[in-house]
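What follows is one structure encoded as structure tokens, with my remarks underneath.
What follows is calculated from the coordinates using simple rules that are stated; it is not laboratory data. Remember, predicted model here, so these are calculated numbers, not experimental data. When we count neighbours, we look across all protein chains shown, and the Cβ atoms used for this are built from the backbone with ideal geometry, even at glycine.
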Amino acid sequence: MIILGIDPGSRITGYGVIETTPAGDRAIDFGILNVERDQKDPHLRLHAIYHRIDALIQEYLPDECAVEMPVYGRNAQSMLKLGRAQAAAILAAMNRSLPVSQYTPKEIKKSVTGNGAATKEQVRYMVCNLLRLVDGHDMGLDSADALAIGLCHAHRRDATNGVSKSWEAFVRENPGRIRQG
């Protein structure tokens, strides 16, 4: 299974593509989408996030997508910007019919380090170890976070026998709990 992990940001969005097999997990690609460098207009940044994630999906053909869910921020404006970047990423995946799951930063950190309060450097260290990335010490923190999101999703799927916690899956599995218009 191929999983696209996304660490959304209004200026820099991290991405990580991993393949998970019974033999283990491996990184296929990772990096950042630096939309600040290309675009000053916040609406055009969202447009760029959407299209760059869509291009990643076309290139790597992931089976599922996992996105970090912003749960706290320095101020309301920061949270709004993060939420918009997250929405652009989710929309790109959903428009390609990819199931999308969301995880909190604490869930992701705990999944890869065993500690929900781990630092970004600790997450990077563990991601490099888990994915056997020899040159990972040069990896950016946003890329490491995105790979950690993908690993978190893979571990959660394994722990639930392949059942994802996406909204799409919930709706499919619980048709009687959804009200129509």
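General remarks:
- Comparing the range 2-177 with the 2.2 N^0.38 Å rule of thumb, its C-alpha radius of gyration ratio is 0.98 (two decimals).
- Between ARG74 and GLU59, full extension at 0.36 nm per residue minus the direct alpha carbon distance yields a gain of 1.9 nm.
- Here LEU91 and ALA23 are evaluated by their C-beta separation; at R0 = 25 Å the FRET efficiency comes out at 0.15.
- Each residue of the range 80-89 is assigned a 3J(HN,Hα), and the resulting list reads 4, 5, 5, x, 5, 5, 4, 4, 4, 5 Hz, derived from the Karplus form 6.51 cos²θ - 1.76 cosθ + 1.60 (θ = phi - 60°), x at Gly and Pro.
- Residues of type lysines that LYS40 reaches as a straight line, Cα spacing below 30 Å, ignoring anything fewer than 8 places off in the same chain: LYS81, LYS120
- Distant-in-sequence amide H partners of THR104 (H built 1.01 Å from N, under 5 Å): MET69
- Averaging the sequence gap over all C-alpha pairs within less than 8 Å and six or more residues apart, then dividing by the number of residues, gives the range 2-177 a relative contact order of 28 percent.
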